[in-house]
Every structure is written in C-alpha cells, then in structure tokens.
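Here is the structure we will look at, set down as structure tokens.
Just so it is clear, none of the values below were taken in a lab; they were calculated from the coordinates. Just so you know, these numbers come straight off a predicted model, no measurement behind them. In this analysis, Cβ positions are derived from the backbone assuming ideal geometry, glycine residues included, and neighbour counts consider all displayed protein chains.
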Amino acid sequence: MKIIAGNWKMNGTRNTLSEMIAALEHIDTENRVILCVPYTMLCTNSGKINIGAQDVSAHDHGAYTGEISAKMIAETGAKYVIVGHSERRQYHNETNAIVRAKASAALASGLTPIICVGETMDEKQAGKTMEIIESGVRESVPDDTNGNIIIAYEPRWAIGAGLTPSAPEIATAHELIANTLTDMGLANTPILYGASVKGTNAAQIMSIPHVDGVLVGGASLKPDDFIPIITSTK
Ligand code: PEP
C-alpha cells in the first residue's frame, strides 16, 4: 500500500473536484489517495478520497484575519493538512519553527500533518542537501506526534519544473530521512517523494527503498494524469 497525495495548490473548482471524486470512485487500488485542495473545496462527500488542506494557522483562534485554524479544517471532515510546502516557505517566509508550530496545531485537532522538507537549488549547489533535509526533519517535526505524521521530501528546485533527482539521489535522501526519524523514535513514519511525479515515472520512484508514496502537484489536477499514478503500483 502506497500513499498517493495530490496538491491542487490554487487550482480547481468545486465542480472539478466533484468530477475527480467521481472519476476515482471505481478505480481498483489499495493505495491511500489524499487530495489537498483549497479551503473552499474542503468537503465531506469525497467518496474513497481522503481530503486535506494545504496550510493551517499555528493559532487556535483569535484576531488573525484570513487565517484558518486546524479545528475549522477538521470540522469539514478533512483529515490531512500539508505544512511547510516549499511555496509557503518561499513566498510566506515559513521557517522550520513556524512549520513545527503549524504541525503541532494540526495534531492537536486530530489532523495528520504532511510535513514538507527539501533543499533549494542554491543549497543543492552548495553541497548542503543532506544538512537541509536532516535539519528540516529535526526542526519541523513536533515532539509529541503520536506517530500521526507524514513526511514529504520535495527537492524545491524540482517542483513544477519537470525535473527529478536521479534514483540514487532520491534513495539517499529518503534513507537519511528514515534514519533521522528512527533516531527521533518515529521509525514507522511514511515518507513521500514529491516533485514532477507523473504516470511515466511514478512506479519507478515508488520502487525506491523508503519511498512510501508520492506528493503530486500538476499531475493531480486531471483524472487522466492522476489515475495512472494511483494505479502504477499496488
Ligand atoms: C508540489 O507542489 O508539491 C509538487 C510536487 O508539484 P509538481 O508535482 O507539479 O512538481
């Protein structure tokens, strides 16, 4: 069983979500499918698909105009929330400390945070990939997770760029994350790979050790692109 998570970013409508839910209703898979959609599309009638949000406030309630709390997300029936996506880190200056606070808030309301870590092109070129990944995991994961987290390794330079690291690079990164999580007492945490996953590369990526699934951006928007990823592996 693999986890196939989609990230719709700021795309789609309620209609396109209904169409996706209908298209996925009859596919034959044991994989866990999650769709992280914009807040306005969070809904309970999602058939076989698990619904998630793409961000959450670190605060419980109060004067934080425009923010959405974990409790509000949970109330919609959503079970997951992405935290620390590279676009949040880049455009909203989210640090590991902020990501950790958001993950804590999610956990407190019973949501499973999908915590993203990964290096930028500058960090990669400076030979800092392993350092950034390990500190990302150690500093973004809260202490008391009850085993209820998912990590997504997303090389930031590859997201939406049609680029992917080589299989040995993915294997090395995921092994480091698995070892780091084991050291933190979180050995069974699922680790997803994300960045430019498509129907044509999904099976090969998910055959790499310690790759427990994928986080998919662009190719999760249309059933014709998403279904081949979901059915590429059992
Ligand atoms: C993402 O945004 O998390 C992502 C992986 O995007 P893409 O698949 O489009 O590279």
Please state the shape class of the range 30-179: rounded when a/c is under 1.5, otherwise prolate if a/b exceeds b/c and oblate if not, all from the C-alpha gyration tensor. prolate
Calculate, axis by axis, the spread of Cα positions in the range 78-153 along the three principal axes, and write the results as whole Å, longest axis first. 38, 23, 17
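Once you've got the Cα coordinates, tell me which of Lys198/Lys234; Lys48/Lys198; Lys102/Lys198; Lys71/Lys102; Lys9/Lys48 are over 19 Å apart. Write down the numbers at each step before the final one.
Values: Lys198/Lys234 16 Å; Lys48/Lys198 21 Å; Lys102/Lys198 29 Å; Lys71/Lys102 12 Å; Lys9/Lys48 21 Å.
As for pairs spanning more than 19 Å Cα to Cα, those are Lys48/Lys198; Lys102/Lys198; Lys9/Lys48.
Let me know the charge dipole size of the chain about its Cα centre in debye, to the nearest 20, where only the beta-carbon of Lys, Arg (+1) and Asp, Glu (-1) is charged. Before the final figure, lay out each step's value.
Numbers: 18 positive and 25 negative charges, 81 e Å.
Here the chain has a charge dipole of around 380 debye.
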Taking R0 as 35 Å, what FRET efficiency do you get between Asn201 and Tyr64 from their Cβ-Cβ distance, rounded to the nearest 0.05? 0.30
